[in-house]
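Here is the structure we will look at, set down as structure tokens.
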Amino acid sequence: MPLPPGRSPLPVAGINAQTDPELAEAAAELNAWIDYLTRPESHDGPRIYRERGPAGQPPIDSEVPRRLPHLDEQTGQYEVVPILDGFQADPGQFFRPAQAVSGISESLLGSTFMKLTEGCLTWTNAERQLDDSRGREIGLENAPRYPEVHPARADWMQMRKDFHGALDNAAHEYEGDFITYQVHTENGFYAVAEHIAKYQAIFAQAGKDITSLMKALTETFAKHNWYGGTGFTIDVKSVIITGLVAAVTTVISGGITVAKALASVVTELTGEAGKTAQSKPIQDHYRLREPAKQYLDAVTKIERDTAEAVKQLYESLRVQIDRIREMRQYEAKPRTGTKTQLAPHYRDYL
């Protein structure tokens, strides 16, 4: 993006160039413009000459693209104020929403994500033979989202071929309860992994949308039409961030055999969310303060929506985990009607 004459990008503290390089770059370029347009004393470029009118009368502002020495001399009649008058006291407001969504490390989240997707009975690798009886003895009403795929059930069946009578029945009941319990437990891990991916996607999308708005405002400052009225409009698309919470995603693919990378899940989520994009136009105006206000309204809404999405994500995870815990209940003592959520122990079946 074009920078003000003689200026370089000004990095913004709190926007991490390591985790958010595009956001950091856009912020530094915009910061150069904000500094330039709020400090007319530091250059000969754009400024407002505010005519001192009669007492009780509103002042008359004249926005100009450069210093006018003959008006500078009339200090009793004109006051020089920044083009972005009203923003000079707190230029940080242009960057606080970006600071709020910056710093989420995909590498740190990715290592946790990988551990959560390393299942046992719901996951195997391409070299293993899948059991055709996957999911057996799991009622449809309680079927987990990621079903049983490991051949442990068939292996155990082969192991107890020499069992007879009560011992065979007890072992059979234990196997069924244990596998069902473990499959649901692993589904709980996957639910956490899904929400980690959504958490990453929420912040990634918020950063992407704020970056676009920053670039649009920077372009508006650089191409402002000083003498042509309202000038032009830059149409920026912004996603409904809260929609990412309800988006459907999976963390295992390839016939329920391969764990996805966090980055691929986030890409799928943000790609799907892109269908909800809405216009947030930045419109050039004869007063350069107006597109700055449009920008602030848009990025502040993204910040609020991001905070709301994180709250909803927490509630979504709580509800899903509670549901999975209920689904993995079983009779601790078979045929007693007493249910538990503790892991099955073989002694209870003998």
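Structure summary
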quantity	calculated
Dipole of the chain, positive end: most advanced residue of A170, A216, V183 [Cβ charges, Cα centre]	A170
Between the stretch 41-69 and the stretch 312-341, the alpha-carbon center distance in angstrom	69 Å
Whole-percent carbon and sulfur share, accessible surface of the chain, 1.4 Å	54 percent
Cα gyration tensor category, rounded, prolate or oblate, for the stretch 234-350 with a/c compared to 1.5	prolate
Over the chain - Rg/Rh using Cα atoms and the Kirkwood inverse-distance radius	1.24
The stretch 47-112: GluC sites (Glu not before Pro) in DSSP coil with no more than 12 other Cβ atoms inside 10 Å	E73
By average C-beta atoms within 10 angstrom, highest first, the peptides 158-166, 28-36	28-36, 158-166
Residue-normalised accessible area of the chain, expressed per residue, 1.4 Å probe, Å²	52 Å²
Members of K115/K161; K260/K333; K208/K260 lying beyond 31 Å, as alpha-carbon distances in this model show	K115/K161; K260/K333
Estimated dipole of the chain in Debye, rounded to 20 [Cβ of Lys and Arg +1, of Asp and Glu -1, Cα centre]	300 debye
Whole-number percent relative contact order across the chain, with pairs defined as alpha carbons under 8 Å at least 6 apart	19 percent
Positive dipole terminus of the stretch 254-332, leading residue within V258, Q283, T300 (C-beta point charges)	Q283
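The values are calculated or read from the model by the stated rules, or taken from the named source; none is laboratory data. A quick note: this is a predicted structure, and the numbers were derived from the prediction, not measured. Note that each Cβ is placed from the backbone with ideal geometry, even for glycine, and that neighbours are counted across all protein chains shown. Heavy atoms of the whole protein, side chains included, go into the accessibility calculation; ligands, DNA and RNA do not. Shrake-Rupley method; radii C 1.70, N 1.55, O 1.52, S 1.80 Å.
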